[in-house]
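To keep things clear, I will list the structure first and then write my remarks on it.
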Number of protein chains: 2
Amino acid sequence: MRRSKTNVSLVFHALGDPTRRAIVEKLSEGPMSVTQLAGPLDITLTAVAQHLQVLEDSGLVHTEKLGRVRTCRIEPAGFSALQQWLNDRRSMWERRLDRLGDLLAEPED
Amino acid sequence: MRRSKTNVSLVFHALGDPTRRAIVEKLSEGPMSVTQLAGPLDITLTAVAQHLQVLEDSGLVHTEKLGRVRTCRIEPAGFSALQQWLNDRRSMWERRLDRLGDLLAEPED
(Lines give C-alpha, C1' and ligand atoms only; values in the text may rest on other atoms or scores of the structure.)
Protein backbone atom coordinates (compact mmCIF):
# COMPACT_ATOMS: atom_id res chain seq x y z
CA MET A 1 0.00 0.00 0.00
CA ARG A 2 1.09 3.54 -0.75
CA ARG A 3 0.79 6.06 2.07
CA SER A 4 -2.67 7.59 1.88
CA LYS A 5 -1.53 11.22 1.93
CA THR A 6 0.57 12.12 -1.10
CA ASN A 7 3.02 14.92 -0.44
CA VAL A 8 2.39 17.58 -3.05
CA SER A 9 5.93 18.95 -2.60
CA LEU A 10 7.40 15.60 -3.61
CA VAL A 11 5.04 15.40 -6.61
CA PHE A 12 6.09 18.82 -7.93
CA HIS A 13 9.75 18.08 -7.27
CA ALA A 14 9.51 14.73 -9.07
CA LEU A 15 7.80 16.23 -12.13
CA GLY A 16 10.18 19.20 -12.32
CA ASP A 17 12.73 16.94 -14.01
CA PRO A 18 12.32 16.40 -17.78
CA THR A 19 13.60 12.79 -17.69
CA ARG A 20 11.10 11.90 -14.97
CA ARG A 21 8.30 13.51 -16.99
CA ALA A 22 9.46 11.45 -19.99
CA ILE A 23 9.23 8.30 -17.83
CA VAL A 24 5.69 9.26 -16.78
CA GLU A 25 4.80 9.91 -20.42
CA LYS A 26 6.14 6.49 -21.49
CA LEU A 27 4.30 4.74 -18.65
CA SER A 28 1.06 6.51 -19.63
CA GLU A 29 1.10 4.21 -22.68
CA GLY A 30 1.06 1.18 -20.37
CA PRO A 31 3.14 -0.67 -17.77
CA MET A 32 6.67 -1.61 -18.80
CA SER A 33 9.89 -3.01 -17.42
CA VAL A 34 12.87 -0.87 -16.35
CA THR A 35 14.79 -2.15 -19.40
CA GLN A 36 11.94 -1.19 -21.77
CA LEU A 37 11.93 2.29 -20.20
CA ALA A 38 15.69 2.80 -20.40
CA GLY A 39 16.00 1.98 -24.13
CA PRO A 40 14.03 4.80 -25.81
CA LEU A 41 15.09 7.33 -23.13
CA ASP A 42 18.73 6.57 -23.94
CA ILE A 43 19.86 6.59 -20.31
CA THR A 44 21.51 3.92 -18.17
CA LEU A 45 19.54 1.43 -16.10
CA THR A 46 21.09 2.98 -12.98
CA ALA A 47 19.81 6.44 -13.93
CA VAL A 48 16.34 5.05 -14.66
CA ALA A 49 16.32 3.26 -11.29
CA GLN A 50 17.22 6.50 -9.48
CA HIS A 51 14.48 8.47 -11.26
CA LEU A 52 11.98 5.66 -10.58
CA GLN A 53 12.83 5.83 -6.87
CA VAL A 54 11.94 9.55 -6.82
CA LEU A 55 8.72 8.84 -8.74
CA GLU A 56 7.81 6.03 -6.32
CA ASP A 57 8.55 8.18 -3.25
CA SER A 58 6.23 10.86 -4.62
CA GLY A 59 3.44 8.32 -5.20
CA LEU A 60 3.33 8.83 -8.99
CA VAL A 61 4.65 5.43 -10.06
CA HIS A 62 4.43 1.94 -8.63
CA THR A 63 7.10 -0.67 -9.35
CA GLU A 64 6.93 -4.35 -8.60
CA LYS A 65 9.49 -7.10 -9.04
CA LEU A 66 8.10 -10.27 -10.61
CA GLY A 67 10.84 -12.86 -10.86
CA ARG A 68 13.83 -11.01 -12.31
CA VAL A 69 11.86 -8.25 -14.02
CA ARG A 70 10.85 -5.00 -12.32
CA THR A 71 7.63 -3.73 -13.88
CA CYS A 72 6.59 -0.07 -13.54
CA ARG A 73 3.18 1.49 -13.86
CA ILE A 74 1.45 4.81 -13.23
CA GLU A 75 -0.06 5.28 -9.76
CA PRO A 76 -3.12 7.48 -10.36
CA ALA A 77 -3.34 8.58 -6.67
CA GLY A 78 -0.27 10.81 -7.05
CA PHE A 79 -1.84 12.58 -10.01
CA SER A 80 -5.09 13.00 -8.12
CA ALA A 81 -3.20 14.89 -5.40
CA LEU A 82 -1.85 17.26 -8.03
CA GLN A 83 -5.29 17.66 -9.61
CA GLN A 84 -6.79 18.36 -6.18
CA TRP A 85 -4.23 21.07 -5.48
CA LEU A 86 -5.08 22.71 -8.83
CA ASN A 87 -8.83 22.41 -8.19
CA ASP A 88 -8.45 24.03 -4.76
CA ARG A 89 -6.64 27.02 -6.29
CA ARG A 90 -9.19 27.37 -9.07
CA SER A 91 -12.13 27.26 -6.68
CA MET A 92 -10.54 30.11 -4.69
CA TRP A 93 -10.25 32.29 -7.82
CA GLU A 94 -13.78 31.44 -8.86
CA ARG A 95 -15.25 32.29 -5.43
CA ARG A 96 -13.40 35.61 -5.61
CA LEU A 97 -14.72 36.34 -9.10
CA ASP A 98 -18.25 35.41 -7.96
CA ARG A 99 -18.02 37.89 -5.07
CA LEU A 100 -16.77 40.55 -7.49
CA GLY A 101 -19.69 39.77 -9.82
CA ASP A 102 -22.14 40.09 -6.91
CA LEU A 103 -20.68 43.47 -5.97
CA LEU A 104 -20.96 44.74 -9.53
CA ALA A 105 -24.53 43.44 -9.81
CA GLU A 106 -25.72 45.24 -6.66
CA PRO A 107 -28.04 48.21 -7.29
CA GLU A 108 -26.23 51.47 -6.80
CA ASP A 109 -28.62 53.24 -4.45
CA MET B 1 2.54 40.05 -22.68
CA ARG B 2 3.69 36.74 -21.23
CA ARG B 3 5.39 34.35 -23.62
CA SER B 4 2.73 32.23 -25.25
CA LYS B 5 4.33 28.86 -24.52
CA THR B 6 4.66 28.20 -20.79
CA ASN B 7 7.53 25.87 -19.95
CA VAL B 8 6.07 23.04 -17.92
CA SER B 9 9.51 22.29 -16.41
CA LEU B 10 9.67 25.78 -14.95
CA VAL B 11 6.11 25.46 -13.61
CA PHE B 12 6.87 22.20 -11.79
CA HIS B 13 10.17 23.56 -10.48
CA ALA B 14 8.47 26.74 -9.23
CA LEU B 15 5.71 24.85 -7.43
CA GLY B 16 8.10 22.31 -5.89
CA ASP B 17 9.01 24.87 -3.23
CA PRO B 18 6.60 25.16 -0.25
CA THR B 19 7.13 28.94 0.16
CA ARG B 20 6.29 29.52 -3.50
CA ARG B 21 3.16 27.38 -3.16
CA ALA B 22 2.25 29.47 -0.08
CA ILE B 23 2.64 32.64 -2.20
CA VAL B 24 0.38 31.15 -4.89
CA GLU B 25 -2.16 30.18 -2.20
CA LYS B 26 -2.14 33.73 -0.76
CA LEU B 27 -2.51 35.28 -4.22
CA SER B 28 -5.43 32.97 -4.98
CA GLU B 29 -7.36 35.11 -2.46
CA GLY B 30 -6.71 38.19 -4.60
CA PRO B 31 -3.92 40.47 -5.83
CA MET B 32 -1.64 41.93 -3.16
CA SER B 33 1.56 43.90 -2.75
CA VAL B 34 4.95 42.33 -2.01
CA THR B 35 4.77 43.76 1.53
CA GLN B 36 1.33 42.24 2.11
CA LEU B 37 2.69 38.88 0.93
CA ALA B 38 5.83 39.00 3.08
CA GLY B 39 4.02 39.71 6.38
CA PRO B 40 1.98 36.52 6.92
CA LEU B 41 4.66 34.33 5.30
CA ASP B 42 7.17 35.64 7.85
CA ILE B 43 10.00 35.97 5.34
CA THR B 44 12.05 38.97 4.22
CA LEU B 45 11.06 41.19 1.31
CA THR B 46 14.23 40.06 -0.47
CA ALA B 47 13.25 36.40 -0.14
CA VAL B 48 9.72 37.15 -1.39
CA ALA B 49 11.14 39.06 -4.36
CA GLN B 50 13.38 36.10 -5.28
CA HIS B 51 10.49 33.64 -5.09
CA LEU B 52 8.29 36.01 -7.10
CA GLN B 53 10.94 36.14 -9.81
CA VAL B 54 10.84 32.33 -10.14
CA LEU B 55 7.02 32.42 -10.22
CA GLU B 56 7.04 35.16 -12.87
CA ASP B 57 9.61 33.31 -15.00
CA SER B 58 7.39 30.22 -14.92
CA GLY B 59 4.32 32.22 -15.98
CA LEU B 60 2.35 31.53 -12.78
CA VAL B 61 2.35 35.05 -11.34
CA HIS B 62 2.33 38.52 -12.84
CA THR B 63 3.77 41.51 -10.96
CA GLU B 64 3.40 45.16 -11.86
CA LYS B 65 4.88 48.26 -10.27
CA LEU B 66 2.38 51.08 -9.81
CA GLY B 67 4.13 54.07 -8.30
CA ARG B 68 6.18 52.69 -5.45
CA VAL B 69 4.10 49.56 -4.88
CA ARG B 70 4.66 46.26 -6.69
CA THR B 71 1.36 44.39 -6.97
CA CYS B 72 1.26 40.64 -7.62
CA ARG B 73 -1.51 38.52 -9.06
CA ILE B 74 -2.08 35.00 -10.31
CA GLU B 75 -1.48 34.43 -14.04
CA PRO B 76 -4.00 31.74 -15.01
CA ALA B 77 -2.09 30.78 -18.21
CA GLY B 78 0.66 29.09 -16.19
CA PHE B 79 -1.89 26.94 -14.39
CA SER B 80 -3.58 26.09 -17.68
CA ALA B 81 -0.27 24.66 -18.93
CA LEU B 82 -0.11 22.41 -15.87
CA GLN B 83 -3.75 21.38 -16.29
CA GLN B 84 -3.11 20.62 -19.97
CA TRP B 85 -0.15 18.39 -19.11
CA LEU B 86 -2.33 16.48 -16.62
CA ASN B 87 -5.20 16.20 -19.13
CA ASP B 88 -2.83 14.83 -21.78
CA ARG B 89 -1.62 12.11 -19.38
CA ARG B 90 -5.14 11.22 -18.32
CA SER B 91 -6.40 10.94 -21.88
CA MET B 92 -3.55 8.49 -22.63
CA TRP B 93 -4.56 6.24 -19.71
CA GLU B 94 -8.20 6.43 -20.71
CA ARG B 95 -7.50 5.52 -24.32
CA ARG B 96 -5.49 2.56 -23.06
CA LEU B 97 -8.29 1.44 -20.72
CA ASP B 98 -10.82 1.82 -23.57
CA ARG B 99 -8.70 -0.44 -25.79
CA LEU B 100 -8.45 -2.95 -22.95
CA GLY B 101 -12.23 -2.79 -22.53
CA ASP B 102 -12.72 -3.38 -26.27
CA LEU B 103 -10.43 -6.43 -26.16
CA LEU B 104 -12.30 -7.90 -23.20
CA ALA B 105 -15.65 -7.24 -24.91
CA GLU B 106 -14.66 -9.07 -28.12
CA PRO B 107 -16.43 -12.39 -28.67
CA GLU B 108 -14.10 -15.31 -27.99
CA ASP B 109 -14.52 -17.28 -31.23
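Quick notes on this one:
- In order along region B:39-48, phi translates into HN-Hα couplings of x, x, 7, 6, 10, 6, 4, 5, 5, 4 Hz, rounded to whole numbers, per the Karplus curve 6.51 cos²θ - 1.76 cosθ + 1.60 with θ = phi - 60° and x for Gly and Pro.
- Relative packing of peptides A:72-79, B:70-77 - highest average C-beta neighbours within 10 Å first: A:72-79, B:70-77
- Against chain A, whose longest principal axis is taken from its Cα atoms, helix A:76-105 shows a tilt of about 10°.
- Residues A:Thr19, A:Thr44, B:Thr63 ordered from highest to lowest accessible area at a 1.4 Å probe: A:Thr44, A:Thr19, B:Thr63.
- 19 Å tail of the calculated P(r), region A:50-109, as % of Cα pairs: 57
- Taking a ≥ b ≥ c as the square roots of the eigenvalues of the alpha-carbon gyration tensor, region B:13-89 is classed prolate because a/c is 1.5 or more and a/b outweighs b/c.
- Nearest-ten-degree value, helix A:18-27 long axis tilted from longest Cα axis of chain A: 80
- Size of the B/A contact, given as accessible area buried on both chains, probe 1.4 Å, in Å²: 2400
- Region A:46-88 and region B:18-35 have Cα centres lying 29 Å from one another.
- Taking amide hydrogens as placed 1.01 Å from N in the peptide plane, the amide H of A:Met32 sits under 5 Å from those of A:Cys72, each at least 5 positions away in sequence or on another chain.
- Shape class of the protein assembly as shown from the alpha-carbon gyration tensor: prolate, with a/c at 1.5 or above and a/b greater than b/c.
- With protein chains left intact and a 1.4 Å probe, residues in chain B average 59 Å² of accessible area per residue.
- Neighbours of B:Arg95, meaning other residues whose beta-carbon lies under 14 angstrom from its beta-carbon, give a summed charge of -2 when Lys and Arg score +1 and Asp and Glu score -1.
- Projecting 7 Å from Cα along the Cα-to-Cβ direction, the label point of A:Gly30 sits 5.3 nm from its equivalents in the other copies, listed shortest first.
- The residues of region A:61-105 listed by number as losing at least 40 Å² of accessible area in the complex, against the isolated chain and with a 1.4 Å probe, are A:Phe79, A:Gln83, A:Trp85, A:Leu86, A:Arg89, A:Met92, A:Trp93, A:Arg96.
- Carbon plus sulfur fraction of accessible area for chain B, probe 1.4 Å, in percent: 53
- Spin-label pair B:Glu64-B:Leu103: with each label point 7 Å from Cα along the Cα-Cβ axis, the two points sit 5.3 nm from one another.
- Short-range pairs are left out: with C-alpha atoms under 8 Å and at least six residues apart, the relative contact order of region A:1-80 is 35 percent.
The values are calculated or read from the model by the stated rules, or taken from the named source; none is laboratory data. As the structure is a computational prediction, the values presented were derived from the model and not from experiment. As a convention, Cβ positions derive from the backbone with ideal geometry for all residues, glycine included, and neighbour counts pool all protein chains shown. SASA here: full protein model, heavy atoms, side chains in, ligands and nucleic acids out. Shrake-Rupley method; radii C 1.70, N 1.55, O 1.52, S 1.80 Å.
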